[in-house]
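Colleague: Pasting a structure here, questions to come.
What follows is calculated from the coordinates using simple rules that are stated; it is not laboratory data. Since this is a predicted model, take the numbers as computed values, not measurements. Cβ placement follows ideal geometry from the backbone for every residue including glycine, while neighbour counts extend to all protein chains displayed.
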Amino acid sequence: MALLVVGLILFLGVHSVRIFADPWRSAVIEKRGEGGWKGLYSLISLLGFGLIVWGYGEAQSEGLRVWTPPLWTWHITIALMLVAFVFLTAAYVPRNGIKAKLKDPMILGVKTWALAHLISNGSLAGLVLFGSFLVWAVLDFKSARGRRPAEDVQGQKASGMMTAVTLVVAVLAWALMAFYGHALLIGVDPFGWMKAG
């Protein structure tokens, strides 16, 4: 569990600089340049992410459980993850109406992902991992809203075609992850309950 906690501190810590220390971040960028800041940011992020993956695997193997989620929680998680994929995709597709309306779809995607996994994951490691990301996403969302100017962040008119592209890509990415990727990468089949029944 210690590795997971250290990884979360590093990863979420560096991603929280704009929330808690934006003037310090600006001073570092001014002193070391944009490239120097991005290099340090990326290095700490990668180290933190690696420790999260390693630490979560080790913590899960300890088998400590807070509660045993009922089967219906998996159904909610699967549905919420589709919403999360829409938000995450909207963050990258230009001129889509979802980003124009929500402004911060990436943070909303992380928030939805964390909440979805908290619902159906009763392990202590899951509570620490997904709970930490959920708290971070709530704080970052509030901070981002405070930093953004009143005008539209995209600066371009939203396109119905690009919104449709966002939805199609999101559904395809969700299906790929849900039916193949999650079991392959994480070792848990979101639809395993169907195959077992």
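Colleague: If Leu82 passes every condition in (1) under 20 Å from Asp140 (Cβ atoms); (2) touching a helix residue (DSSP H, G or I) at 6+ places or on another chain (Cβ under 6 Å) but one, which one does it miss?
Modeller: With respect to (1) under 20 Å from Asp140 (Cβ atoms); (2) touching a helix residue (DSSP H, G or I) at 6+ places or on another chain (Cβ under 6 Å), Leu82 is out only on (1).
Colleague: Next up: Looking at region 5-30 only, could you name the residues that are within 16 Å of the chain's Cα centre (by Cα) and either part of a helix (DSSP H, G or I) or polar (S, T, N, Q) (or both)?
Modeller: If the condition is that a residue be within 16 Å of the chain's Cα centre (by Cα) and either part of a helix (DSSP H, G or I) or polar (S, T, N, Q) (or both), then Gly7, Leu8, Ile9, Leu10, Phe11, Leu12, Gly13, Val14, Ser16 are the ones that fit.
Colleague: Residues being in contact (Cβ under 8 Å) with a residue 60 or more places away in the chain and under 16 Å from Phe133 (Cα atoms): count how many of those fall in region 19-51.
Modeller: Total meeting the criteria: 1.
Colleague: Are any residues in region 64-96 outside any helix (DSSP H, G or I) and without any contact (Cβ under 8 Å) to a residue 40 or more places away in the chain, and if so, which ones?
Modeller: Pro70, Ala91, Tyr92
Colleague: Let me ask something additional. Just one of the numbered conditions (1) touching a helix residue (DSSP H, G or I) at 6+ places or on another chain (Cβ under 6 Å); (2) more than 22 Å from Gly7 (Cβ to Cβ); (3) surrounded by fewer than 18 Cβ atoms within 10 Å (Cβ to Cβ); (4) of a type in the set (Val, Ile, Thr) is not true of Val93; which one?
Modeller: Val93 satisfies all of (1) touching a helix residue (DSSP H, G or I) at 6+ places or on another chain (Cβ under 6 Å); (2) more than 22 Å from Gly7 (Cβ to Cβ); (3) surrounded by fewer than 18 Cβ atoms within 10 Å (Cβ to Cβ); (4) of a type in the set (Val, Ile, Thr) except (3).
Colleague: Determine which member of the set Ile44, Ile107, Ile29 is of a type in the set (A, V, I, L, M) and within 30 Å of Leu167 (Cβ to Cβ).
Modeller: Every option except Ile107 fails the conditions.
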